[in-house]
Amino acid sequence: MTELKLSALNEMQRKGVLKTEGPLLLLAGAGSGKTRVLTHRIAYLIEKGVDPWNILAITFTNKAAREMKERVAAITPRGSEVWVSTFHSTCVRILRREIDKIGRSNQFTIYDGDDSERLIRDILKENNISDKMYPPKYIMAVISSNKDKMIEPEVFFSAAEKDFRMRKIAEIYSMYQKRLEENNALDFDDLIFVCVKLFKERADILDKYRERFRYIMVDEYQDTNGSQYELVRLLADKYKNICVVGDDDQSIYGWRGADIRNILNFKKDYEDAVVYKLEQNYRSTQYILDAANAVIKNNRHEELKSLWTDTENGSRITLYRAADDRSEAEYICSEIDREAMAGREYKDFAILYRNNALSRVIEERLIKAGIPYRLFGGTRFYDRKEIRDVMAYLKAIYNPMDDIAFKRIINVPKRGIGDTTVGRVNEYALDRNISFYAALCQCEDIDTISAAAVKKLRLFTDMINELKEASEEYPVASFIEKLIEDTGYRQELEGENTDVSRSRIENIEELINKAVEFEKGAEEDKSLAAFLEEVALVADVDAFTEDDDTVVLMTIHSAKGLEFDTVFIAGFEENIFPSYMSLTNGDPNALEEERRLCYVGITRAKRKLYMTSAASRLQHGNFVSNEVSRFAKEIPSELVESKQQGIKAYREENTFTPKFKNPSSNSKRPVNTYKMPAPSDYVPDFEAGDKVRHIKFGIGTVTGIEPAGADYEVSVNFENVGAKKLMAKLARLKKL
């Protein structure tokens, strides 16, 4: 790599590229150019003489992996040889090659959430377990959480001790794993869970991949869960040439298993670790960055970052307080219209919110205003019925042991095979410990099935066998076309001749387009197996493109990793953002994750940021009145332009002065003066040294107390659970 290319990096980015040996943590703030660092680091390693074969780069989304591959290939000739993929894709590639070493078939299929739920429902039904007492989605969440933590069913069962409900779920977990293996399937969590098990059981295979991947880079490290952490640790343990990039301030997925301790403890895990902070931002104006810094500094930090830019300050953040939620939506639409008239494109705008329920009123007003928009978070393309049907056919043809796929398609399109017949075939399969499809092939031997039903089943199995032969001859796209013709699926939809059926035909044609793209993009493997794998690993964010000139609506969780010229954060109110649950569970960690989510939302904006709220809002069938979010109150008043519909201003006269620094500039930044909310009339009746009781944690001693917005943060050393930080009013501590 030439010095010219390195000189395009800032000082901290350059350090991150040149530090190639040993453990490295890059604390990369939002918009700080971390992808540029990773891609240049890979190119620099190759120029130093490292074989691309020995480099592994792991991302969280296919979109990020594609971008990294393209950028590495653009700056070094051998960049395309580097293994760049998501955690799940990495593990699938390893398992396809190695899973047979632990007695499993390499021709496994991958179950998504819907497949897993169907399997759990089957298990509950077969064992006469109530799905009201044991809701499948709850069971799925418990199983997923255990797999994230690398906990096997028998260990979970033992840990449950006298908790009857959890022990029953542990039994279901055990049956679920057994059925997955019988169906020659892995669920999404298994991809990493089983890969880690493989490495732990087969030291020779682990060493093979340690030698293969001598240099490892992991993006978005703050989002890793227990099994992902363990996978990386195992692979990196020999050479310790591991570079992780992440931002503890953007750790927002604790609810789905991400463990912020993985990034916070990196220096403890790797004693020789070097830490560099990437704080220069290339995305947002200084006003937006100052607002983000002001909010996030209220969280506890070991390594506090302060984002800065050498571009202009930009315009102040608009804080709008509407009379009600409809007025809030109308204001958002009017601002988009105003800016569109001034030359902005609709795709420059994103409307973000804490939860999907807030989108309805906004959508109605966008439609009324004639503003084109796209909603993310609705039904995914691959979750639509017709797409799931076709994909089930493909899975069944590829893997005849996939009971769930066969049960979905056996009467789709309708061929006169009823639930009673399906149930009797299933009983026959369970009694003989064979697959559902194997039982179908023996349908003449099932004496509980009528001759007419046997004839229909035989026609079905003959069709499947013919399609299986065709799948080995036809390219994937052509095969899907043949499948929807031979099964009668297209004819059934055409016969309905409704807007819905025509839309479903269009969706199937779009799936065929996807298969054509797959065939063009696949370098080597263009098989049905590879296509199924690619589709199984598609994430919601991968569907996002900037091609359509439409306003984008999505949750802040979905927006992570994206950026927009202008951002509206709607519903910026207490009990919505931060959420009611985070305010009432007595856990300050929950509130801190909400604040990190706010930081992520703010830093999606490049040029202009709006925060909107409503004095009255319809929630759960009732009108409620929420105060403006405490996060708005943490932003310096000089950064904000407040606009209200006759609503009393929320700011109180209580000030302090935060310090900001811009290491790239010699200019003196004016001191910012916060106007913070004074604590409410609530005052705790205890002080440091007092004994208090908590309903969950028991008796403890107060070691510290300080104001925190309209509440107080109390540090308590509990006799049974040790030190905790709690919000006093929410925790309802009782002085003894």
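Summed over segment 234-259, the residues that are surrounded by 24 or more Cβ atoms within 10 Å (Cβ to Cβ) and of a type in the set (Ser, Thr, Tyr) give a count of 1. If you go through segment 1-16 and keep only what is at pLDDT below 95, of a type in the set (A, V, I, L, M, F, W, C) and under 31 Å from the mean Cα position of the chain (by Cα), you end up with just 9.
Screening residue 473 on (1) charged (D, E, K, R); (2) within 20 Å of residue 531 (Cα to Cα); (3) in a helix (DSSP H, G or I) shows it passes everything except condition (3). Look at residue 439 and say whether it is of a type in the set (A, V, I, L, M) and open to solvent by 10 Å² or more (accessible area, probe 1.4 Å). Criteria not met by residue 439. Apart from one condition, residue 217 fits all of (1) more than 30 Å from residue 432 (Cβ to Cβ); (2) outside any strand (DSSP E or B); (3) of a type in the set (A, V, I, L, M); the exception is (2).
Remark: residue 512 matches the filter, which requires a residue to be under 20 Å from residue 389 (Cβ atoms), surrounded by 16 or more Cβ atoms within 10 Å (Cβ to Cβ) and touching a residue at least 24 places away in the same chain (Cβ under 8 Å). Among residues of segment 430-469 being assigned to a helix (DSSP H, G or I) and within 37 Å of the chain's Cα centre (by Cα), the one that is farthest from residue 506 (Cα to Cα) is 430. Can you work out which of the residues in segment 219-268 that are among the aromatic types (Phe, Trp, Tyr) and either touching a strand residue (DSSP E or B) at 6+ places or on another chain (Cβ under 7 Å) or modelled with pLDDT of 95 or more (or both) is farthest from residue 307 (Cα to Cα)? Only one residue fits best here, namely 239. When 537, 493, 553 are checked against the criterion of being surrounded by 14 or more Cβ atoms within 10 Å (Cβ to Cβ) and under 21 Å from residue 396 (Cα atoms), 537 stands alone in meeting it. On the given criteria, is residue 56 within 19 Å of residue 177 (Cβ to Cβ), at pLDDT 95 or above and not small (Gly, Ala, Ser)? No. Scoring residue 112 on the criteria (1) touching a Leu at 6+ places or on another chain (Cβ under 8 Å); (2) under 26 Å from residue 438 (Cβ atoms) leaves a single failure, condition (1). Annotation: of all residues in segment 286-305 being open to solvent by less than 20 Å² (accessible area, probe 1.4 Å) and not aliphatic (A, V, I, L, M), the one that is farthest from residue 613 (Cα to Cα) is 305. What do you reckon, is residue 32 under 29 Å from the mean Cα position of the chain (by Cα) and at pLDDT 90 or above? Yes; evaluated as a whole, the condition is true for this residue.
Residue 417 meets each of the listed conditions (1) buried (at least 16 other Cβ atoms within 10 Å of the Cβ); (2) assigned to a helix (DSSP H, G or I) apart from (2). For segment 626-646, taking the residues that are small (Gly, Ala, Ser) and more than 31 Å from the chain's Cα centre (by Cα), the one that is nearest to residue 287 (Cα to Cα) is identified as 637. Of all residues in segment 566-606, those satisfying the criterion of being open to solvent by less than 20 Å² (accessible area, probe 1.4 Å), farther than 16 Å from residue 617 by Cβ and β-branched (Val, Ile, Thr) are 566, 567, 600, 602, 603.
Every test in (1) over 28 Å from residue 179 (Cα atoms); (2) charged (D, E, K, R); (3) open to solvent by 80 Å² or more (accessible area, probe 1.4 Å) is passed by residue 432 save one, and that test is (1). Could you tell me whether segment 315-328 includes any residue that is open to solvent by 40 Å² or more (accessible area, probe 1.4 Å), touching a residue at least 12 places away in the same chain (Cβ under 8 Å) and under 30 Å from residue 217 (Cβ atoms)? No, the conditions are met nowhere in segment 315-328.
Given the residues 89, 80, 85, which is the only one that is open to solvent by 50 Å² or more (accessible area, probe 1.4 Å) and under 26 Å from residue 562 (Cβ atoms)? Of the residues listed, the single one that is open to solvent by 50 Å² or more (accessible area, probe 1.4 Å) and under 26 Å from residue 562 (Cβ atoms) is 80. Quick check: anything in segment 245-268 over 30 Å from residue 588 (Cβ atoms) and among the hydrophobic types (A, V, I, L, M, F, W, C)? Within segment 245-268, none of the residues are over 30 Å from residue 588 (Cβ atoms) and among the hydrophobic types (A, V, I, L, M, F, W, C). Close contacts from segment 72-94, counting a first residue that is small (Gly, Ala, Ser) and a second that is not in a helix (DSSP H, G or I), with Cβ to Cβ under 6 Å and a gap of 6+ residues or different chains, come to 89/537. The single condition among (1) modelled with pLDDT of 90 or more; (2) among the hydrophobic types (A, V, I, L, M, F, W, C); (3) within 23 Å of the chain's Cα centre (by Cα) that residue 376 does not satisfy is (1). Do the conditions hold for residue 90, that is, is it among the hydroxyl-bearing types (Ser, Thr, Tyr), touching a strand residue (DSSP E or B) at 6+ places or on another chain (Cβ under 8 Å) and part of a helix (DSSP H, G or I)? Yes, satisfied. Look at segment 189-218: where a residue is touching a residue at least 60 places away in the same chain (Cβ under 8 Å) and a partner is outside any helix (DSSP H, G or I) and open to solvent by 60 Å² or more (accessible area, probe 1.4 Å), sitting 6+ places away or on another chain with Cβ atoms under 7 Å, you get 214/239. When segment 192-209 is filtered for residues that are within 24 Å of residue 151 (Cα to Cα) and of a type outside the set (A, V, I, L, M, F, W, C), the ones remaining, listed by number, are 197, 200, 201, 202, 204, 207, 209. Restricted to segment 1-71, the set of helices (runs of 4 or more DSSP H) holding at least 2 residues that are more than 30 Å from residue 290 (Cβ to Cβ) and open to solvent by 40 Å² or more (accessible area, probe 1.4 Å) comprises 3-7, 34-47.
The values are calculated or read from the model by the stated rules, or taken from the named source; none is laboratory data. It should be emphasised that the depicted structure is a prediction, and the values quoted were computed from it without experimental measurement. Methodologically, a virtual Cβ is constructed for each residue, glycine included, from the backbone with ideal geometry; neighbour enumeration extends over all protein chains shown. The protein model used for the area step is the full one, side chains on, heavy atoms only, and it has no ligands, DNA or RNA in it. Shrake-Rupley method; radii C 1.70, N 1.55, O 1.52, S 1.80 Å.
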